[in-house]
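Worksheet for the structure shown next.
The values are calculated or read from the model by the stated rules, or taken from the named source; none is laboratory data. All figures in this text were calculated on a predicted structure; none of them were measured in a lab. With ideal geometry, Cβ positions are generated from the backbone for all residues, glycine too; neighbour counts draw on all protein chains shown.
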Amino acid sequence: MVKVSITATHDGGNVEFVSHSEPVVLTTTPDDDRRNDDGVYTEYIIFHPNGGRVLHIIIHDEYFADVHTELENVGHMQYFSFRSFVSGLVPPEPQPAAAAAVDDDDDAGGGPTIVVPSASVVVVTYVIANASDASFPDAWPGSTVCYNSHGIDSSYDDRWRRNLTTEYDVDDSGALTWTHVHEMNGSTYFSYWPPYGYDRHLRLISDCTSRMRSGRVGGTYNPAIESIGTSLDGREIECLSVGNGKLNAWIQHRQHPGETMAEFFAEGLLHRLFGVGEENGDIDDATRTLLEGYRLHVIPNVNPDGSVLGHLRTNAAGANLNREWADTNVEGYQYAAPTSHRSPEVLAILRRMDEIGCDFFLDVHGDETIPYVFFSGCAKTPVWGDRIRSLHGYFVEGYKRANPDVQKVYGYPPPLSEENALDGMTRATKHVSNRFNCLGLTLEIPYKDCATNPDPEVGLGLERCKRLGSNLVEALVRVHPYLRAEGDFWKAFSEEDEYIVPTDRFPGRQRG
């Protein structure tokens, strides 16, 4: 008998099994241009000519919400990640019909195990039944689910693919569905974006600290690692610092834990800074130039609790950390932030920033809707003027030259007014930029395939995401002479370096 078990017990796992359909034996030859009567994309079904049984089963899941957010009065949800474990597949031989059953004794620790008749292939249609209840349902059209049938360890980073059967039923059920052909026994992981588990996070910290002792940076660029605080559940907020320069650059990642691409970005950056994976821990000339001009402070995961819990946007207390950088006072509603009981992660970072100073700030995120890599800044806030606007444009142009996935036409439009801009001062980039009178930016990496250089089968992918992190080096080297320069230095910039007002009206935009 074939068993299909759905679990989400790995770090960042988020899904709950709801129900399954009776299995259907597929026996007809498919038409490559349409779905068959079972609603399956037939071009993805493998039919065995010697009579092997192919079963189709529909599994309904739901993702669960973050802890309720007091300030936004919502339980955010959208990120999902789960494991589908198949066992009992047999070589393609004719099998007698058998009834389906449900085994409630699931050894894998998740929901019920679905037991179906003997088969050589199981075709499963997965349904996220409550997709329309997501925080950003408009993001589902055009999205494709990521999957990996080898594992979620870093050695399988290049095995992640996009399921091109993904569809969102905006008019009827509000469900997100995709069909996968399981031809082998074993695990397949499905995720909104590939997970970055806490074990991998700890390994990243370990790899960098080992290079502090044995790599090229150790004796030259004063590397250090410190815990600048702990999360609500007691996890360290690690900060890795390196460089001999006078300018302090802060780069933080994963305030929103479901935006896992941010920590892949951090991995690419940190590996380059510390020579991880290079013979003798060597670093390249551009990295040396960077470390001579800056002291970098890199926080790879601001929100480790939310990351382990599988949250989309909040920490263990339900706080959206990117709304916790300053007090909120809206129509008499007083909300103090950051606080030790609700957002100690932000409180710790701000205290350390105040001690050290900040000359450049980058907050790395993921965006559900816009299929581009883009930057958002501090437009129309008090710090915005010729200097910060010009630095913003110059920095992004430099990044664009270093990495072909970066563009500057599409992104978040600026606030309509200065008054509207003040509403965003509780967010990290706007708050830090104004607090330290420095260039501050938010980098957004798409969940969807990157339209600048589309690759439907892989999307932006983990390697390109890590390369994007690595190429921060070139962008920072380029902007260094001007971050604290005096006078009208921007008058010497070229037309290509000018700040472009972004638009979110990108080609082919779909609305849910």
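Could you please find all residues in the range 277-312 being surrounded by fewer than 21 Cβ atoms within 10 Å (Cβ to Cβ) and at positive phi?
Within the range 277-312, Gly277, Asn280, Gly281 meet the criteria.
Being basic (Lys, Arg) and part of a loop (DSSP other than H, G, I, E, B), is that true of even one residue in the range 424-443?
Yes, the range 424-443 has at least one match.
Sort out which residues of the range 242-284 are assigned to a loop (DSSP other than H, G, I, E, B) and within 19 Å of the chain's Cα centre (by Cα), and write them in order of number. Can you show your working first?
Step one: filter the range 242-284 for residues assigned to a loop (DSSP other than H, G, I, E, B), giving 243-246, 254-260, 275-278, 282-284.
Selection gives Arg254, Gln255, His256, Pro257, Gly258, Glu259, Thr260.
Name the residue that is surrounded by the most Cβ atoms within 10 Å (Cβ to Cβ), counting only residues in the range 185-239 that are of a type in the set (Asp, Glu) and part of a strand (DSSP E or B).
Here is the first cut: in the range 185-239, the ones of a type in the set (Asp, Glu) are 199, 207, 226, 233, 236, 238.
The next check asks that each one be part of a strand (DSSP E or B); those that pass are 226, 236, 238.
Values: Glu226: 13, Glu236: 16, Glu238: 21.
This residue is Glu238.
In this structure, does Arg484 turn out to be at pLDDT 95 or above and outside any loop (DSSP other than H, G, I, E, B)?
In short, no.
Any chance you could count how many residues in the range 360-417 are within 26 Å of the chain's Cα centre (by Cα) and in a loop (DSSP other than H, G, I, E, B)?
Of the residues in the range 360-417, 19 are within 26 Å of the chain's Cα centre (by Cα) and in a loop (DSSP other than H, G, I, E, B).
Restricted to the range 144-174, and to residues that are outside any strand (DSSP E or B) and in contact (Cβ under 8 Å) with a residue 60 or more places away in the chain, which residue is surrounded by the fewest Cβ atoms within 10 Å (Cβ to Cβ)?
Per the criteria, the residue is Asp158.
Kindly indicate which of Phe375, Phe395, Phe360 is hydrophobic (A, V, I, L, M, F, W, C) and touching an Asp or Glu at 6+ places or on another chain (Cβ under 8 Å).
Unique residue meeting the criteria: Phe375.
I'd like to know if the range 317-339 contains one or more residues that are without any contact (Cβ under 8 Å) to a residue 60 or more places away in the chain, assigned to a loop (DSSP other than H, G, I, E, B) and crowded, with 20+ Cβ neighbours inside 10 Å.
For the range 317-339, residues without any contact (Cβ under 8 Å) to a residue 60 or more places away in the chain, assigned to a loop (DSSP other than H, G, I, E, B) and crowded, with 20+ Cβ neighbours inside 10 Å: present.
Go through the range 425-468 residue by residue and tally those that are under 30 Å from Gly275 (Cβ atoms) and without any contact (Cβ under 8 Å) to a residue 60 or more places away in the chain.
The qualifying residues number 3.
Say whether the condition of being over 21 Å from the mean Cα position of the chain (by Cα) and among the basic types (Lys, Arg) is met by at least one residue in the range 316-327.
Within the range 316-327, not a single residue is over 21 Å from the mean Cα position of the chain (by Cα) and among the basic types (Lys, Arg).
Against the definition (out of contact with any Phe, Trp or Tyr (no Cβ under 8 Å at 6 or more places or on another chain), crowded, with 19+ Cβ neighbours inside 10 Å and not basic (Lys, Arg)), how does Asp363 come out, yes or no? Break it down stepwise before answering.
Numbers: out of contact with any Phe, Trp or Tyr (no Cβ under 8 Å at 6 or more places or on another chain): yes; crowded, with 19+ Cβ neighbours inside 10 Å: yes; not basic (Lys, Arg): yes.
Criteria met by Asp363.
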